[in-house]
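Asks: Let me give you the structure first, and then I'll get to my questions.
The values are calculated or read from the model by the stated rules, or taken from the named source; none is laboratory data. Computed from a prediction, not measured in an experiment: that's the story for all the values here. Note: ideal-geometry Cβ built from the backbone for every residue, glycine included; neighbour counts use all protein chains shown. Just so you know, the surface numbers come from the protein's heavy atoms only, side chains and all, with ligands and any DNA or RNA stripped out. Shrake-Rupley method; radii C 1.70, N 1.55, O 1.52, S 1.80 Å.
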Amino acid sequence: MPRIDEKLLPIFDDVLRRNAGETEFHQAVEEVLESLGAVIAKHPEYVDNALIERICEPERQIIFRIPWVDDKGQIQINRGFRVQFNSALGPYKGGLRFHPSVNIGIIKFLGFEQTFKNALTGLPIGGGKGGSDFNPRGRSDGEIMRFCQSLMIELHRHLGEYTDVPAGDIGVGAREIGFLFGQYKRLTNRFEAGILTGKGLIYGGSRARTEATGYGLVYFVDQMLKRKGIDLADKRVVVSGSGNVAIYTIEKITEFGGKVIACSDSSGYIVDEAGIDLDLLKEIKLVRRERIAEYVQLKGTGAYYTEQGSIWDVPCDVALPSATQNELNGNDATSLIRNGVMAVSEGANMPCASEAVRLFQEAGILFGPAKAANAGGVATSALEMQQNASRDSWTFEETEARLAAIMRRIHDDCADTAETYGAPGNYVLGANITGFVRVAEAMQAMGVI
Ligand code: NDP
Ligand code: 2IT
């Protein structure tokens, strides 16, 4: 693994000092800075013009109170965040996360990553992220709605088709986006479809947006494997999580002829050697909104559920962490490598701890970093914005074909950049450099912004 170039060390020290305690943000910045040594040798003006410092500092950070009334009539208070990280390439774009672990450091790491991810899509979107420490677990539809309405009372003044366009992330799916959009419309008296993505099809959503992150991840993995002459068909695959990204990853892997034998939630994981029954999984997670343990009860025979050990102890050819940040540590990486994994690709944002990434790279295992591998979701959000702007609506086939082409291009751009910079096969380097240079060049052209 490259170290941070000594010219960039004072910049990193400054990031640590100015953002004390925000460990996930430090981790994300460190990984990008580690990739930039050869870039600043070629472009010393990036350092002279303080471009790196500017890119590490969000353009705007909004923190606000979200008061709401629960079903018992009690007043609850949550904290809302929107970090508008970088608008050099387009309006701020990135999801909203509802999870009790959310804090400003988590939202900053996600907004930072989003900036480069969005640049990689080649579409006109800047980077942002938001959310709340609200825990949706066990909340009724009414509570979720009142919470979303209260959040939007503050957030609406910061949004706009040309300003900031949120979408979903952990804990935020079609239901929440509907409540948020409805409240925005009431507050502004305007039907502005382009202020949110991930909308329902009936009121301005895009076909294939729901499936896009998982499908895109599989297209990316397929490209990495193909380049090595390997076929996804018949591969044993482990996918962590059982939310939006995991479910549609499993669907697409199955379509490619692979077999997903394990998935999880934050309580434990299931293993089904016959291959996960996708209809049953969707019924449990999307319709009933229940825990993954239910799968074993409903499936009957052949599958088991455990809360012991790690899902990464299950031997597989391809591992696709698709739950949350730092869910796969150095021990997990060692276990995967020992069991013969050939490719790891990140469906979630930064699911692999730095140590795990280092171990995969040292072992020569194909590794797809999040900002490239999971960019299909936000890319399809940008396609939704395009359809909204032209008051058009494309077929599923048309939209998916565009998604597949975007993922192929992202893959090739990362692979080509890695090769140009003397590190063939290093997608981490390729993704970081490609994304960074696009944002840096746009900022250069715009003067001191
Ligand atoms: P969902 O809320 O639909 O699902 C999240 C899944 O991850 C659930 O199975 C959840 O389990 C599990 N999970 C969440 N937090 C934790 C935790 N702290 N420890 C263990 N498991 C956890 O979210 P998504 O599928 O949309 O998001 C998953 C990841 O993908 C996130 O990192 C997100 O940022 C990223 N991503 C999402 C995109 C999208 O379009 N939705 C696009 C690109 C990236 P439980 O139910 O027990 O909490
Ligand atoms: O992390 C991500 O890329 C997302 N949650 C999707 C963001 C979006 O605007 O579609």
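Asks: Taking the residues in the stretch 208-243 that are under 19 Å from the mean Cα position of the chain (by Cα) and in a loop (DSSP other than H, G, I, E, B) as candidates, determine which candidate is nearest to ligand 1 (Cβ to nearest atom).
Replies: Per the stated criteria, the residue is Gly243.
Asks: Applying the selection to the stretch 299-313, what residues are touching a Ser or Thr at 6+ places or on another chain (Cβ under 9 Å) and among the hydrophobic types (A, V, I, L, M, F, W, C)?
Replies: Ile311, Trp312
Asks: Across the stretch 142-151, which residue is farthest from ligand 1 (Cβ to nearest atom) among those that are aliphatic (A, V, I, L, M) and open to solvent by less than 40 Å² (accessible area, probe 1.4 Å)?
Replies: Leu151
Asks: Please give the strands (runs of 3 or more DSSP E) falling wholly within the stretch 47-125 in which 1 or more residues are within 25 Å of Leu16 (Cα to Cα) and open to solvent by less than 10 Å² (accessible area, probe 1.4 Å).
Replies: Once the strands (runs of 3 or more DSSP E) in the stretch 47-125 are filtered for at least 1 residues that are within 25 Å of Leu16 (Cα to Cα) and open to solvent by less than 10 Å² (accessible area, probe 1.4 Å), what remains is 75-86, 92-98.
Asks: Filter the stretch 164-198 down to the residues that are under 12 Å from Ser381 (Cα atoms), within 16 Å of ligand 1 (Cβ to nearest atom) and open to solvent by less than 10 Å² (accessible area, probe 1.4 Å) and list them by number.
Replies: Result: Val165, Pro166, Ala167, Leu196, Thr197.
Asks: Take Gly160 and tell me if it is at pLDDT 95 or above, open to solvent by 20 Å² or more (accessible area, probe 1.4 Å) and not basic (Lys, Arg).
Replies: So Gly160 fails the test.
Asks: Follow-up. Report, by residue number, each residue of the stretch 199-220 that is open to solvent by 50 Å² or more (accessible area, probe 1.4 Å) and closer than 19 Å to Leu403 by Cα.
Replies: Those that are open to solvent by 50 Å² or more (accessible area, probe 1.4 Å) and closer than 19 Å to Leu403 by Cα: Leu201, Arg207, Thr210.
Asks: Filter the stretch 77-86 down to residues that are away from ligand 1 (no atom under 16 Å from the Cβ) and either of a type in the set (D, E, K, R) or touching a residue at least 40 places away in the same chain (Cβ under 8 Å) (or both), then give me how many there are.
Replies: Counting residues in the stretch 77-86 that are away from ligand 1 (no atom under 16 Å from the Cβ) and either of a type in the set (D, E, K, R) or touching a residue at least 40 places away in the same chain (Cβ under 8 Å) (or both) gives 5.
Asks: Across the stretch 353-401, what is the number of residues that are without any contact (Cβ under 8 Å) to a residue 40 or more places away in the chain, more than 16 Å from ligand 1 (Cβ to nearest atom), part of a helix (DSSP H, G or I) and of a type in the set (A, V, I, L, M, F, W, C)?
Replies: 3
Asks: Hey, any hits in the stretch 287-296 for a residue that's of a type outside the set (Val, Ile, Thr) and part of a helix (DSSP H, G or I)?
Replies: Checked the stretch 287-296: at least one residue is of a type outside the set (Val, Ile, Thr) and part of a helix (DSSP H, G or I).
Asks: Quick one: Glu154 ticks every box in (1) more than 30 Å from Ala274 (Cα to Cα); (2) open to solvent by 20 Å² or more (accessible area, probe 1.4 Å); (3) away from ligand 1 (no atom under 15 Å from the Cβ); (4) out of contact with any strand residue (DSSP E or B) (no Cβ under 6 Å at 6 or more places or on another chain) bar one, so which box is it?
Replies: Only one criterion in (1) more than 30 Å from Ala274 (Cα to Cα); (2) open to solvent by 20 Å² or more (accessible area, probe 1.4 Å); (3) away from ligand 1 (no atom under 15 Å from the Cβ); (4) out of contact with any strand residue (DSSP E or B) (no Cβ under 6 Å at 6 or more places or on another chain) is unmet by Glu154, namely (4).
Asks: Still on this structure: State all residues of the stretch 290-324 that are crowded, with 22+ Cβ neighbours inside 10 Å and not hydrophobic (A, V, I, L, M, F, W, C); if no residue qualifies, say none.
Replies: Selection gives Tyr295, Pro321, Ser322.
Asks: Pull up the stretch 98-143, narrow it to residues that are among the small types (Gly, Ala, Ser) and either free of Cβ contacts under 8 Å to residues at least 12 places away in the same chain or touching a Ser or Thr at 6+ places or on another chain (Cβ under 9 Å) (or both), then point me to the one that is farthest from ligand 2 (Cβ to nearest atom).
Replies: Checked the stretch 98-143; the qualifying residue farthest from ligand 2 (Cβ to nearest atom) is Gly138.
Asks: Quick one: Gly447 ticks every box in (1) farther than 17 Å from Leu89 by Cβ; (2) open to solvent by less than 70 Å² (accessible area, probe 1.4 Å); (3) not polar (S, T, N, Q) bar one, so which box is it?
Replies: In the conditions (1) farther than 17 Å from Leu89 by Cβ; (2) open to solvent by less than 70 Å² (accessible area, probe 1.4 Å); (3) not polar (S, T, N, Q), Gly447 misses (1) alone.
Asks: Scan the stretch 1-24 residue by residue and report those that are more than 17 Å from Tyr46 (Cα to Cα), open to solvent by less than 70 Å² (accessible area, probe 1.4 Å) and in a loop (DSSP other than H, G, I, E, B).
Replies: Once the filter is applied, which keeps residues that are more than 17 Å from Tyr46 (Cα to Cα), open to solvent by less than 70 Å² (accessible area, probe 1.4 Å) and in a loop (DSSP other than H, G, I, E, B), the stretch 1-24 yields Pro2, Asn19, Gly21, Glu22.
Asks: Answer yes or no as to whether Thr249 is within 16 Å of ligand 1 (Cβ to nearest atom) and out of contact with any Leu (no Cβ under 9 Å at 6 or more places or on another chain).
Replies: No; evaluated as a whole, the condition is false for this residue.
Asks: Which numbered condition in (1) open to solvent by less than 10 Å² (accessible area, probe 1.4 Å); (2) away from ligand 2 (no atom under 11 Å from the Cβ); (3) closer than 24 Å to Gly430 by Cβ is the only one that Thr399 fails?
Replies: (3)
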